[in-house]
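Chemist: Here it is, the structure in full.
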Amino acid sequence: DTRLILALDVLDSAEALRISQVVAGHVDAIKVGYPLILATGLGIITELSRYAPIIADFKVADIPNTNRLICEQVFKAGADAVIVQGFTGHDSLRTSVEVARSNNKDIFVVTEMSHPGALDFMQAAGEAIAKMAADEQASGVVAPATRPERVRDIRNIIGSDLTIISPGVGTQGGSAADAIRAGADWVIVGRSIYQSDDPAAVAAKLVSEIKEVI
Ligand code: BMP
């Protein structure tokens, strides 16, 4: 376990494959989302899954039936986990978790996001969403490394059964060590790694920073 997840928001499949190959030994999963998939196609999931498990970040936020249809397609494409929004409520989440469970896959639920605008509306719901994620037995939640105190609050709500994956490290200002110390299990890092001249070295440095605090 490296406790590091690569967020691969590049737009070119050759670039995506190159970066995945050089950082593969330093990351436990690769998170892909709309930028890469809209630019290159859903088949990139299969191609990248030879390097690491794939978390499909579609932030699914719909009625239960549509969430089900989306999650089925994403798992069929080879993803190991799907990220869904929590604000749509317990029925949408329950349906997503059912689809994941029947495929032996995982659902991660966004509680509140890492950017400043999350304070406008999302943070007010963050704790209730975390509790719902635990009640509905999601695999884990996505919580902001930019606000380690919130990671700690969310950890207290969900207990030890759920996993916390935490974006916002590096470019957004968060620290990997602080997020892990606050209770995150994995940190998610994108630009600091894939925009670097030496992505493997940056990833290795993050992994050693994380190792120091666990
Ligand atoms: P970066 O390290 O380049 O800031 O990338 C963070 C990644 O995590 C991006 O893919 C972003 O969409 C995602 N993300 C986030 O930054 N904050 C959240 O609250 C939820 C996310 O999925």
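Chemist: In the list Asp153, Asp135, which residue meets the criterion of being charged (D, E, K, R), more than 10 Å from the ligand (Cβ to nearest atom) and farther than 18 Å from Ala184 by Cα? Reasoning before the result, please.
Modeler: On the way: Asp153 fails: farther than 18 Å from Ala184 by Cα.
Exactly one residue qualifies, and that residue is Asp135.
Chemist: Assess whether Gly190 counts as being farther than 25 Å from Lys105 by Cβ, surrounded by fewer than 24 Cβ atoms within 10 Å (Cβ to Cβ) and either within 11 Å of the ligand (Cβ to nearest atom) or within 15 Å of the chain's Cα centre (by Cα) (or both).
Modeler: In short, no.
Chemist: Quick test for you: out of His115, His90, pick the one residue that is within 11 Å of the ligand (Cβ to nearest atom) and more than 19 Å from Val32 (Cβ to Cβ).
Modeler: Working: His90 fails: within 11 Å of the ligand (Cβ to nearest atom).
None of the others qualify; the one that does is His115.
Chemist: Please work out which one of (1) within 16 Å of the ligand (Cβ to nearest atom); (2) closer than 24 Å to Thr88 by Cβ; (3) not hydroxyl-bearing (Ser, Thr, Tyr) is the condition Ala203 fails and give its number.
Modeler: The single condition Ala203 does not satisfy is (2).
Chemist: Could you count how many residues in the range 155-213 are in a helix (DSSP H, G or I), of a type outside the set (Ser, Thr, Tyr) and either in contact with a helix residue (DSSP H, G or I) (Cβ under 9 Å, 6 or more places away or on another chain) or farther than 21 Å from Ile54 by Cβ (or both)?
Modeler: Initial filter on the range 155-213 (in a helix (DSSP H, G or I)): 155-158, 176-181, 191-194, 199-213.
Of the ones still in play, those that are also of a type outside the set (Ser, Thr, Tyr) are 155-158, 176-181, 191, 193, 199-207, 209-213.
Applying the additional criterion that residues be either in contact with a helix residue (DSSP H, G or I) (Cβ under 9 Å, 6 or more places away or on another chain) or farther than 21 Å from Ile54 by Cβ (or both) yields 155-158, 176-181, 193, 199-207, 209-213.
Of the residues in that region, 25 qualify.
Chemist: Quick one: what pairs do we get from the range 185-197, first residue at negative phi and without any contact (Cβ under 8 Å) to a residue 12 or more places away in the chain, second surrounded by fewer than 24 Cβ atoms within 10 Å (Cβ to Cβ) and in a helix (DSSP H, G or I), C-beta under 6 Å, 6+ apart or different chains?
Modeler: Once the first residue is at negative phi and without any contact (Cβ under 8 Å) to a residue 12 or more places away in the chain and sits in the range 185-197, its partners that are surrounded by fewer than 24 Cβ atoms within 10 Å (Cβ to Cβ) and in a helix (DSSP H, G or I) give Ser196/Val202.
Chemist: Here's a follow-up. Kindly indicate which of Ala143, Ala124 is within 27 Å of Pro53 (Cα to Cα), small (Gly, Ala, Ser) and without any contact (Cβ under 8 Å) to a residue 60 or more places away in the chain. Outline the logic, then answer.
Modeler: Values: Ala124 fails: within 27 Å of Pro53 (Cα to Cα).
Answer to the check: Ala143.
Chemist: Filtering the range 43-65 down to residues that are assigned to a loop (DSSP other than H, G, I, E, B) and touching a helix residue (DSSP H, G or I) at 6+ places or on another chain (Cβ under 8 Å), which residue is surrounded by the fewest Cβ atoms within 10 Å (Cβ to Cβ)? Walk me through how you get there before you give the answer.
Modeler: Filtering the range 43-65 down to residues assigned to a loop (DSSP other than H, G, I, E, B) leaves 43, 49-53, 61-63.
Narrowing further to those that are touching a helix residue (DSSP H, G or I) at 6+ places or on another chain (Cβ under 8 Å): 51-52, 61-63.
Details: Tyr51: 21, Ala52: 22, Ala61: 15, Asp62: 16, Ile63: 13.
If we take residues in the range 43-65 being assigned to a loop (DSSP other than H, G, I, E, B) and touching a helix residue (DSSP H, G or I) at 6+ places or on another chain (Cβ under 8 Å), then Ile63 is surrounded by the fewest Cβ atoms within 10 Å (Cβ to Cβ).
Chemist: Search the range 88-112 for residues being touching a strand residue (DSSP E or B) at 6+ places or on another chain (Cβ under 8 Å) and within 20 Å of Thr146 (Cα to Cα), and hand back the single one that is surrounded by the fewest Cβ atoms within 10 Å (Cβ to Cβ).
Modeler: Val110
Chemist: Right, another one. Give me a count of the residues in the range 1-24 that are surrounded by fewer than 14 Cβ atoms within 10 Å (Cβ to Cβ) and either in a strand (DSSP E or B) or free of Cβ contacts under 8 Å to residues at least 24 places away in the same chain (or both).
Modeler: 1
Each value in this text was obtained by applying a stated rule to the coordinates, not by laboratory testing. What you see is a predicted model; the values in this text were computed from it and never measured. In this analysis, Cβ positions are derived from the backbone assuming ideal geometry, glycine residues included, and neighbour counts consider all displayed protein chains.
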